[in-house]
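**Student:** Structure incoming, see below.
A short reminder: the numbers here are calculations on the coordinates, not readings from a lab. What you are looking at is a predicted structure, and each value in this text was computed from that prediction instead of being measured. Don't worry about glycine lacking a Cβ; one is built from the backbone with ideal geometry, like all the others, and counts go over all protein chains shown.
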Amino acid sequence: MDVKPVKKFKAVFGEQPHILAQAPGRVNIIGEHTDYNDGFVLPMAIEHRVNMLASPRADRTIRLFSYDFSEEVQFALDDIQYDSQHPWSNYSRGVAAIFQQAGYSLQGANLLFSGNVPIGAGLSSSAAVEVATAMALRTLNKLPIADDQIPVLCQRAENEFVQMKCGIMDQFVSTMARRGHLLFLDCRSLEYKLVPFSNSEIQIAILNTKVKRELTQSAYNERRAQCEQGVRILQQWAPHIQALRDVSWTEFQRYRSRMPEVIAKRCEHVISENHRVLEFVQILSIKDFKAHHWRKLGMLMRQSHVSLRDLYEVSCWELDVMVELAESVPGVLGARLTGAGFGGCVVALVQRQAVEALSEKIQQEYLNYTGIQPEIYISSAADGASAKMLS
């Protein structure tokens, strides 16, 4: 870790930090907008992460300093309120509030966080802050919280305190990921499987359009409400359906014409995307894995983007330009928007020898098309969250 945040902690709080907690951002390889529909996702943790330094206090106050914003807030554990003036602080406030609602006793703390997860890029900087906060508070207060309960509590913080009705994928992979693996998650049961994904010839490229999207805008919650409306319609003829993950392709085709067109399109994306995730995992598990299997995975990613663009309608012009430019480079097997959409990043499956050509193409032509300077990150599948004592 950079020593500068440690020095800043000493300058702000007058003491050395006792604990370092960290949590990574994530990129979702495939399985978009399926998580809040009880479906399947296949993300990985990235090497960009949030670091949280912490020390205990004798009172019931949290002092929270953002190294990157160079701002501090204070709040009392007995009266945690949403802060519209410092929205970056609400993710940590929410975690502290939910911990206490869940019956865990907290003491005051000095907290300083810093990180390099790009904000507003769809790489889950907010989930990384939540999980890093949770890891720091768990360690500081010696709380008996299992690892797999951390994402549950952090999701509640975002749903109930921040009022963002996200699924559990981001917090789960930030907590539970392991180096060299994708994480296949059933978002209903929270059963998960680590899927080996380390091939010296294949890279994951993350292409940042630099178009920031505000997840709390109405479009995300509108999509969620449309999916719920689709479930209510389908339940009239198929009462066993509790979420779109329960809908077979045959059932959907049987009842599609009885749904408003926009609702049918939203449902079609989610149902087909779940199938793509399952097929992706199945292909990765093939023992006699050949080059043509990589091409099949790339095709599934392309299909995912088309579905997100045309059926779920969460793409934007810049994302579509980025996908088209990436897929025009020989050796790029497939590309798709990743995250909620409306901006953010594209994820691409790339042969190692094509990474340099991809970078050059994106840097030159995306800027020419859009007037925006993009950013490109190459990341291996990284470890999930951790915390350790410094003194």
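**Student:** Name the residue, out of 324, 268, 356, whose mean-square fluctuation peaks in a Gaussian network model built on the chain with Cα pairs under 10 Å.
**Tutor:** Comparing 324, 268, 356 in a Gaussian network model of the chain, the most mobile one is 356.
**Student:** Just from the alpha-carbon atoms, what are the Rg and Dmax of the range 248-320 in angstroms?
**Tutor:** So, for the range 248-320, Rg and Dmax equal 14.6, 44 Å respectively.
**Student:** Moving to a separate point now. Can you give the convex hull volume of the alpha carbon atoms of the chain per residue, in Å³?
**Tutor:** 148 Å³
**Student:** Still on this structure: Once the Cα atoms of helix 3-13 and of the chain are each reduced to a long axis, what angle between those two axes, in degrees from 0 to 90 to the nearest 10, is obtained?
**Tutor:** Rounded to the nearest ten degrees, it is 50.
**Student:** Check the straight Cα-Cα distances from residue 388 and name the lysines below 21 Å, setting aside those fewer than 8 residues away within the same chain.
**Tutor:** Correct list for residue 388: 4, 7, 8, 10, 142.
**Student:** Report Rg (one decimal) and Dmax (nearest whole number) for the range 41-84, counting Cα atoms only, units Å.
**Tutor:** Computed over the Cα atoms of the range 41-84, radius of gyration and Dmax are 14.7, 42 Å.
**Student:** Just the Cα atoms of the range 1-83: what Rg and Dmax do they give in Å?
**Tutor:** Answer for the range 1-83, Rg first and Dmax second: 17.2, 47 Å.
**Student:** Just rank 222, 318, 228, fewest to most, by other beta-carbon atoms within 10 angstrom.
**Tutor:** Details: 222 11, 318 21, 228 16.
Lowest count first: 222, 228, 318.
**Student:** Provide the descending list of Cα extents for the range 202-379 along its principal axes, expressed in whole angstroms.
**Tutor:** 53, 44, 23
**Student:** Right, another one. Roughly how tilted is helix 125-141, in degrees to the nearest 10 and between 0 and 90, from the longest Cα axis of the chain?
**Tutor:** Value to nearest ten degrees: 40.
**Student:** Take the alpha carbon atoms of the range 176-238, find their radius of gyration, then divide it by 2.2 N^0.38 Å using N residues; give the quotient.
**Tutor:** Values: Rg = 18.0 Å, N = 63, 2.2 N^0.38 = 10.6 Å.
Cα-based Rg divided by the globular estimate yields 1.69.
**Student:** Sort all Cα-Cα distances of the range 44-163 into consecutive 5 angstrom bins from zero, then give the percent of pairs in each bin up to the one containing the longest distance.
**Tutor:** Values per bin, smallest distances first: 2, 11, 24, 27, 22, 10, 3, 0.
**Student:** At 25 °C and 0.890 mPa s, what whole-number value in µm²/s does Stokes-Einstein give for the translational diffusion of the range 337-391, with Rh from the Kirkwood sum over Cα pairs?
**Tutor:** On the way: Rh = 14.1 Å.
The estimated diffusion coefficient comes to 175 µm²/s.
**Student:** Something else: Would you kindly calculate the translational diffusion coefficient of the range 279-391, applying Stokes-Einstein with the Kirkwood radius from alpha carbon pairs, for 25 °C and a viscosity of 0.890 mPa s, and quote it in µm² s⁻¹ without decimals?
**Tutor:** 158 µm²/s
**Student:** Quick one: 278, 308, 77, fewest Cβ neighbours within 10 Å first, how do they rank?
**Tutor:** Fewest-to-most ranking of 278, 308, 77: 278, 77, 308.
**Student:** A further question follows. Does anyone have the angle between helix 218-235 and the longest principal axis of the chain? Alpha-carbon axes, 0 to 90°, nearest 10?
**Tutor:** 60 degrees
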